[in-house]
1. Give the residue, chosen from THR49, THR109, THR100, that is β-branched (Val, Ile, Thr) and under 17 Å from VAL5 (Cβ atoms).
2. When LEU16 is evaluated against the numbered criteria (1) farther than 30 Å from ASN132 by Cβ; (2) at pLDDT 95 or above; (3) not in a strand (DSSP E or B), which criterion, by number, is the only one it fails?
3. Restricting attention to region 40-59, which residues are more than 14 Å from GLY89 (Cβ to Cβ) and either in a strand (DSSP E or B) or not polar (S, T, N, Q) (or both)?
4. Residue under question is SER35, and the condition is that it be in contact with an Asp or Glu (Cβ under 9 Å, 6 or more places away or on another chain) and closer than 21 Å to LYS3 by Cβ; does it hold?
Amino acid sequence: MNKIVCRRLLRGQDLLAAIQTIAEEENLLGAVVLSAVGCLSRARLRDATGVNIQEIDRHLEIVSLTGTVSKARCHLHISLSGEDLQTIGGHLVPGCMVNTTCELVLMETGWIYGKEDDPETGYREIVFMEANP
């Protein structure tokens with residue numbers, strides 16, 4: 001059976017830092033985000049160039065959060081909606097601050113997520129390993 005981790009994040013917590021802490025505390029070797037419902041008071045998102053970061057200082061609803069989570073690495077993308085109901089999204093970076101709450105559900109996959117340098121992308125990319133081959 002897959003391990004499920006449910007947490008409520010609180011006002012003022014950094015979303016990415018909190019998820020990384022949970023991964024370490026729960027010894028998550030390979031998990032995915034099943035659900036994330038809540039809102040932010042401030043967001044910082046990296047765009048598809050991998051370089052540019054935009055800061056948004058207003059209340060935003062979390063529309064979706066998806067990605068891979070482990071104590072070795074977290075790679076998450078988030079979609080947010082403002083008061084005008086326009087949606088924005090990007091790569092989650094430190095500085096996305098929970099406003100009232102974030103109800104987070106993570107599920108282990110039965111795989112181990114490692115990382116290694118990829119000379120083609122220039123990033124430390126994920127490596128998938130079966131936990132029980």
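The values are calculated or read from the model by the stated rules, or taken from the named source; none is laboratory data. Predicted model, so just to flag it, every value in this text is computed and none were measured. Cβ coordinates were reconstructed from backbone atoms using ideal geometry, including for glycine residues, and neighbour counts include every protein chain displayed.
1. Among THR49, THR109, THR100, only THR109 is β-branched (Val, Ile, Thr) and under 17 Å from VAL5 (Cβ atoms).
2. Every condition holds for LEU16 apart from (1).
3. Answer for region 40-59, where residues must be more than 14 Å from GLY89 (Cβ to Cβ) and either in a strand (DSSP E or B) or not polar (S, T, N, Q) (or both): SER41, ARG42, GLY50, VAL51, GLU55, ASP57, ARG58, HIS59.
4. yes
Let's see how each residue does on (1) buried (at least 16 other Cβ atoms within 10 Å of the Cβ); (2) without any contact (Cβ under 8 Å) to a residue 40 or more places away in the chain:
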| residue | (1), (2) |
| --- | --- |
| GLU24 | no, no |
| ARG44 | yes, no |
| ARG73 | yes, no |
| GLU83 | no, yes |
| MET97 | yes, no |
| GLU108 | yes, no |
| VAL127 | no, yes |
